[in-house]
Amino acid sequence: MSMNPWPVIRAALKRYRYSALAFVLLVAAGVSLAVAIVSQERALRSGSAKAADRFDLIVAAPGSRTDALLTAVFLRPGGSQLLSPELSAKLLNETRAAFVSPLAFGDSHRGAPVVGVTATLVEHLSGGLAEGRGFATRDEVVVGAASSLKLGERFHPAHGVHHAGEAQGGDDELDAHEALLTVVGRMRPTGSPWDRAVLAPVEQVWAMHKLPSGHGPDSTQLGPPFDAAHTPGIPAAVLHTPKLAQAYQLRSAYTGRESMAFFPAEALLQLYAVLGDMRQLMSLLALVTQALVLLAIIASVLILFRLLTPQFVTLRALGAPRRYVFAIAWGFTASLMASGVALGLAGGYALSFAVSAALARNTGVALQPALGEAELLMALAMLVIGLLLATLPAWRLQRVPLAQAMKDY
């Protein structure tokens, strides 16, 4: 008799293929959930950090730094207060920064936010344009890499934030501004919500809202310096300086009763704390799920071994060594566990990609999930536990006296 157990294992797998498939899918489900949770949480951290990477320092009205971050960096609609016109003018003409760009919100086109900025910020965020050129007049705009607008296309921006498809035709007809804007450039991908945005001269956005344009009444100037007598209050501004010491000086200078200045990483830590709490909750859910899966595995192993008892008794009656019977019994379960864990890793990776794609569509943040050490260790732990559990019925099966086994059979 051949001492190779695999022909017998393959025959058992083929005969009980539906039961074996159910067992594999059960293991895969538990592994997939745990892998997807950990992988997705890490993707959210890295994706959000990359999206905020080019925002050195943000100045906004006193309040929640998280809200200011979500509005300024992630372009989420918010109801933040405005800095005073006097402070806004001082901030926008700050000479200690390499550049300062105001952020003006409140308009959209086909669901994409129209943001008033300076040309310097466009260049800084994009690192050079992918197509066209930067805006040179107030009726010109630059669009993000993922915008559906084409170079040369003209449109009327609308007041407020509208979802694509709410209005027919090219524009949001119900509350469109009179201004007709022309697309002259496209940014390179940034991996952030700015890839879908429309970036317009801040002077145009102010003018559309009947606010002072930051310059004299007859001026067509774009960008700094801004005239303190004609500068409106702004919700936020982005400051850039290549020197860390100056960044801390500016952070201190604009942190007080009238304004707050913060590094995006500070607000991201608060978001990560929330994500950490969610991760702990989801991890607890995953552990409970895995515990239930392990209990189901034990029950499934017992059922499978009950099905295989006739074959094992026959092998024992034919004189097969006990170690050979043990190898068949353990190898049968081990192959199912290994298949389930491998399928679970692949399924968890795919699930994480699906969740990342959905989140990217909703947030605009590019997410890149990947299998890390934590996920591999969880899968390995699941495999080891399963293999150890498989030894118990296999050990009992080869230790029980043949006469008793035949009687039970």
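The values are calculated or read from the model by the stated rules, or taken from the named source; none is laboratory data. All of these numbers come straight from a predicted model, not from anything done at the bench. Cβ placement follows ideal geometry from the backbone for every residue including glycine, while neighbour counts extend to all protein chains displayed. SASA here: full protein model, heavy atoms, side chains in, ligands and nucleic acids out. Shrake-Rupley method; radii C 1.70, N 1.55, O 1.52, S 1.80 Å.
Every condition in (1) under 22 Å from P235 (Cα atoms); (2) under 28 Å from the mean Cα position of the chain (by Cα); (3) at pLDDT below 95 holds for A158 except the one numbered (2).
Scanning segment 135-158 for residues that are assigned to a loop (DSSP other than H, G, I, E, B), over 26 Å from H240 (Cα atoms) and open to solvent by less than 30 Å² (accessible area, probe 1.4 Å) gives L149, P157. Here A338, A390 are screened, and the one residue that is at pLDDT below 80, closer than 30 Å to I37 by Cα and of a type in the set (G, A, S) is A390. Would you please name the residue that is farthest from F326 (Cα to Cα), looking only at residues in segment 9-37 that are among the hydroxyl-bearing types (S, T, Y) and assigned to a helix (DSSP H, G or I)? Out of the qualifying residues, it is S32.
Taking segment 331-347 on its own, how many of its residues are over 25 Å from the mean Cα position of the chain (by Cα), buried (at least 21 other Cβ atoms within 10 Å of the Cβ) and either at positive phi or not polar (S, T, N, Q) (or both)? Number of matching residues: 4.
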